[in-house]
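Everything on this sheet refers to the single structure shown next.
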Amino acid sequence: KMSEVSEVMIKADMKPKSMHRAKIWSDDVENLYRFQQAGYRDEVEYKQVKQVDEVECWPETGFVKKLQRRDNTFYYYNRQRECEDKDVHKVKVYVY
């Protein structure tokens, strides 16, 4: 079940206050990497654009499993880490 905070954020069409680049890999950075590969800022923007309540995740790792791009093609991701150390600095972390 979605938390009230995320429902409010989606309805309010939240815009980030600031952005910084990831320095070290983490589960959150991994998921941001996947959203950004598919053409979205993060989970908030994805849910706004696609009007979905849940993002499909791997139960074992919690990483994003499947995303629909803006052109309606799908990206499928592995259950293991995909964001390599050399790509971590490319990931944008947005602050709301």
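Side notes on the structure shown:
- Selected residue (criterion: modelled with the lowest pLDDT) from residues of the range 14-31 that are under 12 Å from Tyr96 (Cα atoms) and open to solvent by less than 80 Å² (accessible area, probe 1.4 Å): Met14
- Residue under evaluation Ser3, criteria (1) more than 12 Å from the chain's Cα centre (by Cα); (2) modelled with pLDDT of 95 or more; (3) among the small types (Gly, Ala, Ser), criterion not met: (2)
The values are calculated or read from the model by the stated rules, or taken from the named source; none is laboratory data. A quick note: this is a predicted structure, and the numbers were derived from the prediction, not measured. Quick note on the areas: whole protein, heavy atoms, side chains included, nothing else; ligands and nucleic acids left out. Shrake-Rupley method; radii C 1.70, N 1.55, O 1.52, S 1.80 Å.
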